[in-house]
Amino acid sequence: MLKIVMLACALSAGVLCGCLGVVHPAANKVQHEDAAAQTLQVARAATAFLNTLSTEQRQKVTFDFTPKKTAVIAPFHRTSDGGVAPGAPTASAGMKGPAGPPHENPPGRGQHMGAPNGGKPRAPGGPGGSGFGMGPPGGFIGEQYGKAVWSNYPVSDVLRPGLQLGSLNVAQRAAVMHLLETILSPMGYQKVLDIMGSDQALSQTGQPFCSGTACYTVGIFGEPSETRPWMVEFGGHHLGLNIVIAGVNGVMTPTLTGAQPSVYQRDGKTVRVLAQENDKAFALLDALDETQRKQAIVNYEVNDLVLGPGHAGEQIQPEGLKASAMNDRQRALLLDVISEWAGIVQSSYSGPRMEEVRADLNDSYFAWSGPVTHKPGQNGSSYYRIQGPWIVIEFSPQGVGGDSTMHVHTIYRDPTNDYGVKFNGADEETAHDAYAVRLGRHPCPGSSPR
């Protein structure tokens, strides 16, 4: 009886200070044990992959994991021989824009990658413009966290640290894919395979940049561990997975997913990449009444990612329809859209993440730009954004290639926990609160650590 009274008092205190979403201790213990077991499997899979490598390969794929509070922009520029090197383009290269990198230790300092197409100038209209020494005015932009780098540009434009799949033998590639299969949910793993297949289909059309599956790059940052923070980075042109493992915590933000083409053939079957991200968002839009639609649809065009690579730590004003103005069914549809990104990792990691998002869902916004319909069997050409206290998702069709329904980039961030800063030691001020949330206890204002 005393236990019941104490529990009731604890719950009442939680309600009074706004701390809803308390997880039952028994359920939390099971969740904690599942996550610990999952981390053990992931660490073993990473170690198994490393054990397939030679000493030279290990040196190329393993890096220190140095926690930082935020990432920095990582520009690259085209060189006179058609290759790429770290740093923004300079006036001497025939480009406008700032000279040199804006950070002290650019990725690949002193490195230079030659032209990916055998030294031939790039075709006009291709990524980076035409001819040697050309590129975007500010350079090809990536995002760097410690020694990790990712981007929505091809790997031949923004150099990723690590080993490319094309440099590995069959057993080594299988070990990489087993590591991914261990970290990711079945849905997430299939999504990655579909994106890789799309990039392979793109490469077979004769692109002047590195886009196929052989270009996909894996890097291990820190020593695979059950307790200490470390990171797996994997990606190519339209995929950038940044997964930090810290004990029972698995954080997959920021992450880039995308596709070009978004519809292709594999083994005689049609594959439509990111179909659920598209269709579920249209289902949510269709579920809104006229007043809600007017709030959700912004009156200007958005044709690219706003908080993509290189925009770490930036904040934008929330726009669109607030979830508190939605009914229960509409909020459920919104959560279903979010799950397409949050659910890419194993459920033992994504479960706490979705609990966190669900607890403050009413403070999230859904914004839309573009057409309100799409052809069956195709993605639409509409941009949308989901933005809340714990989450930013952008779905952005791209005009490059001529058909925006066949080319899309998406970004998934946690403005409070990109790269797992709450758990990796970079943000000690929030470490206690993050630990309490992970245990199912939302700290109340005025409370002190025990």
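Laboratory data are not the source of any read-out in this text; all were calculated from the coordinates shown. Here the structure is a predicted model, which is why all the values come from computation and not from measurement. Neighbour counts run over all protein chains shown; Cβ positions are idealised from the backbone, glycine included.
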Taking placed amide H atoms and a strict 5 Å upper bound, the residues 5 or more places from Val263 or on another chain that come that close are Val273
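My understanding is that a pair violates if its Cα-Cα distance is over 31 Å; which of Lys147/Lys191; Lys269/Lys322; Lys191/Lys322; Lys69/Lys191; Lys191/Lys422; Lys191/Lys375 do that in this structure?
Numbers: Lys147/Lys191 26 Å; Lys269/Lys322 39 Å; Lys191/Lys322 29 Å; Lys69/Lys191 29 Å; Lys191/Lys422 27 Å; Lys191/Lys375 21 Å.
Violating the 31 Å limit, Cα to Cα: Lys269/Lys322.
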Neighbours of Ala259 by Cβ distance under 15 Å: Lys/Arg at +1, Asp/Glu at -1, summed charge -4
Between the alpha carbon centres of the stretch 303-380 and the stretch 216-286 the gap in Å comes to 16
Within the set of other residues whose C-beta is less than 9 Å from the C-beta of Gly142, count the net charge using Lys and Arg as +1 and Asp and Glu as -1.
-1
Sticking with the crude label model, points 7 Å out along Cα→Cβ, report the distance from Ala325 to Thr416 in nm, one decimal please.
2.4
If every Lys and Arg gets +1 and every Asp and Glu gets -1 at its Cβ, then about the Cα centre the stretch 282-329 yields a dipole, in debye to the nearest 20, of 140
In nm, to one decimal, how far is the Asn51 label point from the Asp403 one, both placed 7 Å along Cα→Cβ?
4.7
Which order do the peptides 267-275, 403-411, 416-424 come out in when sorted by mean C-beta neighbours inside 10 angstrom, highest first?
416-424, 403-411, 267-275
Going by how many other beta carbons lie within 10 Å of each one, how would you line up Ile245, Ile220, fewest first?
Ile220, Ile245
